[in-house]
Amino acid sequence: MSPLQQPPTLSDSFSSSSSSASASASWFFPYPKLRFFTRIRRFLRSKSLAKRSSPSARFEEETVIEGMGEEEESLGLQRSVKRLHFGSWEEKEVAAMEIRRLAQEDVKTRKSLAELGVVPPLVAMVGSPVVGRRRLAVQTLIELANGTYTNKALMVEAGLLSNLPQNTDTIDESTMHEFARLLLSISFLANTQFPLNSTEILPFLVAILESGSSIETKESCICTLYNLSAVLDNSGPLVNGGVVQSLLRLVSVKEVSEKALATLGNLVVTMMGKKAVENSTLVPESLIEIMTWEDKPKCQELSAYILMILAHQSSVQRQKMAKAGIVPVLLEVALLGSPLAQKRVLKLLQWFKDERQTRMGPHSGPQAGRYVMGSPVNQRETLEGKKLMKTMVKQSLNKNMEMITRRANAATAASTLKTLVISTSSKSLPY
């Protein structure tokens, strides 16, 4: 049996470690040490086999040089992993830089590095008060998490979420951006069976959204919230954590509006989310404003979707929308919006039109009371309602066409379009 296959004796361990008496006591126990270096040898052997399986031919001298390079790399990896586990803080930083470089190669290398146990000490470095050391650990974890759910799960199990900074005011913009990138990568675990506790992430994300961070950093946080909101069980913690109000403040920022609206769309389908959106002082004005963004058709579609949910079977919300001037905006989108936006605003217009009419199907929108057509009082109310509705339609159309013609800046075309609208019966229009 070769020496490598025999476990070292206790005396051999003490004789070979006499110069490092201050090291951790576990380093002197033979079997953990043997398992540690066995993992490193297995990792290096897999890399060596992968290189030797290359189809290109090599000269004998190049093969010798490559073998020397692999030997140096193996010794470097052993030193890096050992320093990360047992070295001083300065040695840990050097080891983290080397592991970050190796993690950039491929997914297999990243998984092999995680098997060597590099994740827990890196997660511990995330909680360091030293800014540079903390940022280096986060950058290394980002590389290790790239493309592998296993490594992400190992980071969460090692306590990454509990090591997030409690006060974002003490973090510089660059470090905050790296944290946002790491959390975005971790948030993809929400779509798996791994139990990801969203309550540990939310305070940090909301703090970034409410701070003066860059748009890129906030965008990463919103994408993280979007991944979390895709799971129905996370809706309660997200709403209770103040996410709805933070998102509503950002929907007017065009760079992040689409993802913010998509996240609100995931939350508003729940009872808690819908109530939180309804109670906001920014609704419906902020959503109606987005409907006027002709250069953002996706935002128009998402805004119309949220307004549909709010207006469905809620006369209070429909009254608020009408007072905020939603009807002219809906008419404009119905004429110039994307096909999906047109379909949604036409449904909204139908609900406003039928607000004073007889009945609607049980799943097609808000319900209205029945009118007894034989009653003189109800007949008079019906006629007054129709007259009022026709007047509103004409006024809305005239205003809408004036806006369109001003933007087109074509006086001749504007005159033709206005004549066409005035001479057209309301029966041919969606409202």
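The values are calculated or read from the model by the stated rules, or taken from the named source; none is laboratory data. Note that the coordinates shown come from a computational prediction; the quantities given were computed from them, not determined experimentally. Every residue, glycine among them, receives a Cβ derived from its backbone with ideal geometry; neighbour counts consider all protein chains shown. Accessible surface areas use protein heavy atoms only, side chains included; no ligands, DNA or RNA. Shrake-Rupley method; radii C 1.70, N 1.55, O 1.52, S 1.80 Å.
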Subject >> T140 being open to solvent by less than 20 Å² (accessible area, probe 1.4 Å) and either modelled with pLDDT of 95 or more or of a type in the set (S, T, Y) (or both) >> reply: yes
Original post:
Does the stretch 324-340 contain at least one residue that is under 21 Å from F352 (Cβ atoms), in contact with a Gly (Cβ under 6 Å, 6 or more places away or on another chain) and among the hydroxyl-bearing types (S, T, Y)?
Top reply: no
**OP:** Give the residues of the stretch 96-137 that are assigned to a loop (DSSP other than H, G, I, E, B) and hydroxyl-bearing (S, T, Y), sorted by residue number.
**Re:** S128
Original post:
Can you name the condition, by its number, that G265 falls short on among (1) assigned to a helix (DSSP H, G or I); (2) free of Cβ contacts under 8 Å to residues at least 24 places away in the same chain?
Top reply: (2)
Original post:
Across the stretch 290-322, which residue is least open to solvent (accessible area, probe 1.4 Å) among those that are in a loop (DSSP other than H, G, I, E, B) and not aromatic (F, W, Y)?
Top reply: M291
**OP:** Quick one: which helices (runs of 4 or more DSSP H) lie wholly within the stretch 147-261 and hold at least 3 residues that are open to solvent by less than 60 Å² (accessible area, probe 1.4 Å) and farther than 30 Å from T281 by Cβ?
**Re:** 149-157, 173-187
**OP:** Name every residue in the stretch 339-352 that is more than 16 Å from I288 (Cβ to Cβ) and open to solvent by less than 20 Å² (accessible area, probe 1.4 Å), in order of residue number.
**Re:** none
Original post:
Does R135 satisfy the criteria of being within 25 Å of the chain's Cα centre (by Cα) and farther than 29 Å from Q193 by Cβ?
Top reply: yes
Original post:
E332 fails exactly one of the following numbered conditions: (1) at pLDDT below 90; (2) of a type outside the set (A, V, I, L, M, F, W, C); (3) surrounded by 15 or more Cβ atoms within 10 Å (Cβ to Cβ). What is the number of that condition?
Top reply: (1)
Subject >> Lone qualifier among V333, V277 - being part of a helix (DSSP H, G or I) and either within 20 Å of L248 (Cβ to Cβ) or of a type in the set (S, T, Y) (or both) >> reply: V277
**OP:** Determine if the stretch 266-288 includes at least one residue that is closer than 21 Å to F188 by Cβ and open to solvent by less than 10 Å² (accessible area, probe 1.4 Å).
**Re:** yes
Original post:
Is it the case that N234 is modelled with pLDDT under 95 and of a type in the set (S, T, N, Q)?
Top reply: yes
